[in-house]
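Presented below is the structure to which this report refers.
The values are calculated or read from the model by the stated rules, or taken from the named source; none is laboratory data. All values reported here derive from a predicted model rather than from experimental measurement. In this analysis, Cβ positions are derived from the backbone assuming ideal geometry, glycine residues included, and neighbour counts consider all displayed protein chains.
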Amino acid sequence: MSDLATKVMALFGTPDAAGWSALIAPDATYENLAETLSGRDAVVERLLSMPFASLLWERVDHPGVVLRGTPLAGAGGRTFVLTVAERGGLISGFGQQFYGVPKPPATPMVMDAAFREKIDTALTNKHPIYITYVDPAGRPQMSMRGSILTLGPDSLGLWARATSGMATAVETNPNVALIYRDEGARSTYVMAGRARVATDEATRTKIFEAMPVPEQRHDFARLGTALVIDLDQVTGNAGFAPTGPIDPINLVRGA
């Protein structure tokens with residue numbers, strides 16, 4: 001298998017479809033976060049389409065055959081890790097993963113219209129957002145919120161019911177973190193910022209009336225508290241392609 005690993009690493013630097021075909025079993029598979037391909041032709045096509053030729057490959061000291069491809073010094077790109085399975089002297093499968101996913105360069109904290117739409121329709125599209133805050137005793141608390149919406153390009157609003165305890169907590173420690181997840185698209189966004197109580201009636205009314213009707217029905221009397229979250233960072237992506245994250249963002253206040 002050691003000799004086979006050497007041949008694989010040598011082929012990464014060439015567009016040699018015939019060379020790959022000679023090493024790969026007819027029923028071989030290629031798996032990554034985004035897909036599973038089956039059959040020699042599909043596997044060879046995927047291997048030739050990947051940016052593997054621009055990487056420096058080495059075998060990792062790990063059980064089985066694990067290969068790591070790292071960008072050359074000064075070059076951009078991502079580090080890939082491949083596991084190689086063998087059967088009867090031929091490659092029966094590849095498993096591709098990323099060895100760390102670098103953040104894109106920081107850009108100003110300005111959520112664009114497409115991203116704001118994701119947040120504002122999160123509950124409707126069955127992607128409720130989770131928020132973590134710190135209670136007065138210093139313990140982290142997490143809850144799912146259907147009322148979260150964007151108030152502008154750099155802030156969120158939410159309605160905290162009177163019994164939730166969140167409004168009291170953020171007056172002691174305003175730091176909060178939120179996560180949005182779309183499992184179907186494999187999309188994840190992580191947000192961090194500082195929460196504060198909105199005391200003016202205009203903001204309270206705006207947040208209450210903009211949130212989904214099912215959330216409004218939890219508090220007909222409007223006894224809850226409107227909170228504003230000034231975001232400091234938003235990171236994440238719209239999903240994963242074989243070559244990496246789709247449309248990654250790294251929004252940072254003050255960038």
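Of the residues that sit in segment 31-55 and are assigned to a strand (DSSP E or B) and either polar (S, T, N, Q) or over 26 Å from the mean Cα position of the chain (by Cα) (or both), which one is surrounded by the fewest Cβ atoms within 10 Å (Cβ to Cβ)?
Here the residue is Thr36.
So which of Thr199, Thr205, Thr132, Thr168 ends up being assigned by TED's automatic domain parsing to the domain that holds Leu231, in a strand (DSSP E or B) and polar (S, T, N, Q)?
Thr132
Quick one: count up the residues across segment 61-91 that are free of Cβ contacts under 8 Å to residues at least 60 places away in the same chain and more than 26 Å from the chain's Cα centre (by Cα).
6
Please state which one of Phe94, Phe12 is more than 26 Å from the chain's Cα centre (by Cα) and surrounded by 16 or more Cβ atoms within 10 Å (Cβ to Cβ).
One residue alone meets the criteria, Phe12.
Might you let me know whether segment 156-171 holds any residue that is over 21 Å from Pro128 (Cβ atoms), touching a residue at least 12 places away in the same chain (Cβ under 8 Å) and loosely packed, with under 15 Cβ neighbours inside 10 Å?
Yes, there is a match, as at least one residue in segment 156-171 is over 21 Å from Pro128 (Cβ atoms), touching a residue at least 12 places away in the same chain (Cβ under 8 Å) and loosely packed, with under 15 Cβ neighbours inside 10 Å.
Kindly evaluate Val176 against the criterion of being in a strand (DSSP E or B), within 19 Å of Phe115 (Cα to Cα), at pLDDT 95 or above and within 20 Å of the chain's Cα centre (by Cα).
no
Taking the residues in segment 101-126 that are in contact (Cβ under 8 Å) with a residue 12 or more places away in the chain and part of a helix (DSSP H, G or I) as candidates, determine which candidate is farthest from the chain's Cα centre (by Cα).
The residue in question is Asp120.
This table checks each residue for (1) under 18 Å from Val66 (Cα atoms); (2) at pLDDT below 90; (3) of a type in the set (A, V, I, L, M, F, W, C).
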| position | (1), (2), (3) |
| --- | --- |
| Asp16 | no, no, no |
| Gly19 | no, no, no |
| Asp27 | no, no, no |
| Tyr30 | yes, no, no |
| Gly39 | no, no, no |
| Glu45 | no, no, no |
| Ala53 | yes, yes, yes |
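State which residue pairs qualify: first residue in contact (Cβ under 8 Å) with a residue 24 or more places away in the chain and inside segment 203-216, second residue buried (at least 17 other Cβ atoms within 10 Å of the Cβ) and among the β-branched types (Val, Ile, Thr) in any location, beta carbons under 9 Å apart, and separation of 6 or more residues or different chains.
From residues that are in contact (Cβ under 8 Å) with a residue 24 or more places away in the chain, the pairs are Thr203/Val228; Ile207/Val228; Met211/Ile148.
Please specify each residue of segment 123-145 satisfying the condition of being surrounded by 18 or more Cβ atoms within 10 Å (Cβ to Cβ) and farther than 20 Å from Asp112 by Cα.
Result: Ile131, Tyr133, Arg145.
Just for segment 216-246: of the residues that are in contact with a helix residue (DSSP H, G or I) (Cβ under 9 Å, 6 or more places away or on another chain) and not in a strand (DSSP E or B), which one is surrounded by the most Cβ atoms within 10 Å (Cβ to Cβ)?
Gly224
Name the single residue that is surrounded by the most Cβ atoms within 10 Å (Cβ to Cβ) among those in segment 76-91 being outside any strand (DSSP E or B) and not β-branched (Val, Ile, Thr).
Arg78
Exactly one of these conditions fails for Pro63: (1) loosely packed, with under 13 Cβ neighbours inside 10 Å; (2) in a strand (DSSP E or B); (3) not β-branched (Val, Ile, Thr). Give me its number.
(2)
Considering only segment 135-165, how many residues are in a strand (DSSP E or B) and of a type outside the set (Phe, Trp, Tyr)?
15
Somewhere in segment 197-206, is a residue among the charged types (D, E, K, R) and crowded, with 18+ Cβ neighbours inside 10 Å?
yes
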